[in-house]
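The values are calculated or read from the model by the stated rules, or taken from the named source; none is laboratory data. Small disclaimer: the values here were computed from a predicted structure and weren't measured. Glycine also receives a Cβ, built like all others from the backbone with ideal geometry; neighbour counts cover every protein chain displayed. We work out accessible area using only protein heavy atoms, side chains counted, and drop any ligands, DNA or RNA first. Shrake-Rupley method; radii C 1.70, N 1.55, O 1.52, S 1.80 Å.
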Amino acid sequence: MTVAAVVFCYRFAVSPAVRALSRRPTLLLASLATAVPSVAMVFLPLPDPGPFRWFVAFVIIMLTWQGATSDYDVTQPIRPQRHAKAVLLLLAVASCLWPPALLPWLTVICGRLNGWKHHAMMPLRLLKAYLAWFLVATPFGSTRSTAGLLMVLGCVSLSHYVKPAWSKARLGPWPWSWAWHNRTHYLMASAYCWGWARFLSAETVSRMLRRVRLVDRPVNFFTMAVEAAGLVAFLDRRLLITILAATALFNIAVVLASGIFFWENIGTNIALAITVALLPDAEYDTAFGWLAALIALAALLLSAADLLWQPWHLGWWDSPFTARIHWQVETASGATLGLYNNFMCPYEREFGRVLGYFFTDEPVVHGHLGIVWDRDLRDRLVHAVNDRDELHRLKQAQGQVQADDKQAIEHIAFLTAMFIRLRADTPKSPLPRRLRRLKAPGGQLYQWGDLPPYRGKEPVRRIIIRYQERCYRPDTGDFVLLADQVVQEIHLPVSTTDHGSPLCAKFSSTAEPTSESC
């Protein structure tokens, strides 16, 4: 009953409130929405979350660190952004002491600080689930509902792995088709082409790929087993702890292979595993066993069907071909440097993925890191990387032209305004220079390329935007540059005239705080 009530409150009260307040992120409205239940709770005994109090505090601190240390969008007024970060810090302290304060905290981080991103969705949903539990448990004065809290938090976390397993199982005619036929070492090759670990030589990576391809199938089956293991996690406490630890190790393997860094998920699941291990046996026995496993199974299946919360599918075929937009800058001294996604924070995710295809008329046949959703297309790309005519025909037949003059103009205006304001010494980071190393890490580690990185030490006089096609040839192990063309040059004016404040969010839906269902 506790699980059902918490899930209902999450789905029909907390999530709609966060979504509505994030669309119009006014702190006054969020505070008023928090004040109403807070007044009622003053006269009620508050539920004791036990050790989960410290787990929730850890997640709040972790996400507050991310939101408070991310760079400013220098094309926007700095003062409101600085104010939002300060308010986030204050609300984080309040949330650790008084859970209803999570509502304005969620409003600030999702609506003001661009926090509703793919990599932070799982820990944010855990906080919303905790808030829902607090709102449900308080009126009933329940002292035994913490077992239900454990089940809800576990289901929220594990659903972000069960859903991808379900998505992979649907890619082929059989549930095991992806595990048997996907060539996961192509993901590593494409990530290297994209900009991950380019400090390694191509020969070194090629030797690694020759070895890794021998274990594609065992790795694939292990991946699906870890992702699907959440379906039986609540049969036993030790099993739940093991699965949570396995998901953290799985995410560590993902970052090593692809540069996709789910550090928020890693930290959250390790903290949850430790919390579960420290729980007293007597109070939490009802959270495990066949009945608990069936309840959890129902919640996981409903979330996989997008009826509760909506984890991403994360199921695709890896290909060895990538087409990507790259940014370069020419500094005042004449040096040409790479403009990589880490410098473009708070939009490091956008600049690390597929942003910029609106500059080119070339048909694009894949998504991030060369992924496709059709095995036949994957196989045709593998053969086409050795035949440029065949690749051209395949692009024309299967690709999609994403050229868009309006988005290109907005993007040029954004870059122009950004570098003019940086030239005028507009602060980019909220941290002083000596503390920059304390900034939270990004989620897309594509910080290397053909050129040394630009770090902001010199003013920029020109921005060069290039379209490049690269591939890994499985038969020879070579990395080949197939196409390299300049699609746009932006010459920055000498003066520091204000060019307005275009929003990066205009040309990337992932920057929208409410673009996903909460």
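Restricting to segment 261-306, name every residue that is hydroxyl-bearing (Ser, Thr, Tyr) and farther than 18 Å from Arg238 by Cα.
Selection gives Ser303 alone.
Can you list the helices (runs of 4 or more DSSP H) found entirely within segment 87-194 that contain at least 1 residues being open to solvent by 10 Å² or more (accessible area, probe 1.4 Å) and among the aromatic types (Phe, Trp, Tyr)?
121-140, 146-169, 177-181, 185-194
Which ones in segment 342-364 are within 13 Å of the chain's Cα centre (by Cα) and either at positive phi or among the charged types (D, E, K, R) (or both)?
Glu348, Arg349, Glu350, Arg353
Within segment 156-185, how many residues are within 21 Å of the chain's Cα centre (by Cα) and over 18 Å from Phe262 (Cα atoms)?
Total satisfying the criteria: 4.
Out of the residues in segment 259-284 that are open to solvent by 10 Å² or more (accessible area, probe 1.4 Å) and among the aromatic types (Phe, Trp, Tyr), state the one that is nearest to Pro51 (Cα to Cα).
Trp263
Quick grid of which residues meet (1) of a type outside the set (A, V, I, L, M, F, W, C); (2) not in a loop (DSSP other than H, G, I, E, B):
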site: Gln447; (1), (2): yes, no
site: Asp450; (1), (2): yes, no
site: Ile465; (1), (2): no, yes
site: Asp484; (1), (2): yes, yes
site: Glu489; (1), (2): yes, yes
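Can you tell me which of (1) within 26 Å of Phe343 (Cα to Cα); (2) open to solvent by 30 Å² or more (accessible area, probe 1.4 Å); (3) in a helix (DSSP H, G or I) is the one Gln76 doesn't meet?
(3)
Rundown of residues vs (1) more than 26 Å from Gln81 (Cβ to Cβ); (2) at pLDDT below 70; (3) open to solvent by 90 Å² or more (accessible area, probe 1.4 Å); (4) in a helix (DSSP H, G or I), yes/no style:
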| position | (1), (2), (3), (4) |
| --- | --- |
| Phe12 | yes, no, yes, yes |
| Ala17 | no, no, no, yes |
| Leu21 | no, no, no, yes |
| Pro25 | no, yes, no, no |
| Leu29 | no, no, no, yes |
| Val36 | yes, yes, yes, yes |
| Phe43 | yes, yes, yes, no |
| Asp48 | yes, no, yes, no |
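Going residue by residue through segment 430-442, is there one that turns out to be in contact with an Asp or Glu (Cβ under 7 Å, 6 or more places away or on another chain), of a type in the set (D, E, K, R), in contact (Cβ under 8 Å) with a residue 12 or more places away in the chain and under 30 Å from Met122 (Cα atoms)?
no
Results for (1) surrounded by fewer than 21 Cβ atoms within 10 Å (Cβ to Cβ); (2) at pLDDT 95 or above; (3) not aliphatic (A, V, I, L, M), shown as yes or no for each residue.
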residue: Thr331; (1), (2), (3): yes, yes, yes
residue: Gly356; (1), (2), (3): no, yes, yes
residue: Asp361; (1), (2), (3): yes, yes, yes
residue: His368; (1), (2), (3): yes, yes, yes
residue: Asp376; (1), (2), (3): yes, yes, yes
residue: Leu381; (1), (2), (3): no, yes, no
residue: Arg388; (1), (2), (3): yes, no, yes
residue: Leu394; (1), (2), (3): yes, yes, no
residue: Ile412; (1), (2), (3): yes, yes, no
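State which residue pairs qualify: first residue assigned to a helix (DSSP H, G or I) and inside segment 367-381, second residue surrounded by 16 or more Cβ atoms within 10 Å (Cβ to Cβ) and among the aliphatic types (A, V, I, L, M) in any location, beta carbons under 6 Å apart, and separation of 6 or more residues or different chains.
That search, which allows pairs on different chains as well, returns His368/Val354; Leu369/Ala191; Arg378/Val372; Arg380/Leu394.
Are there any pairs with C-beta distances below 6 angstrom linking a residue in segment 230-250 that is on the phi < 0 side of the Ramachandran plot to a residue that is of a type in the set (Ser, Thr, Tyr), with the two at least 6 apart or on different chains, and if so which?
What qualifies is Gly230/Tyr161; Thr247/Tyr161.
Of all residues in segment 195-205, count the ones that are assigned to a helix (DSSP H, G or I) and open to solvent by less than 20 Å² (accessible area, probe 1.4 Å).
Total satisfying the criteria: 1.
Among Trp65, Trp54, Trp116, which is the only one that is touching a residue at least 24 places away in the same chain (Cβ under 8 Å) and over 30 Å from Leu415 (Cα atoms)?
Trp54
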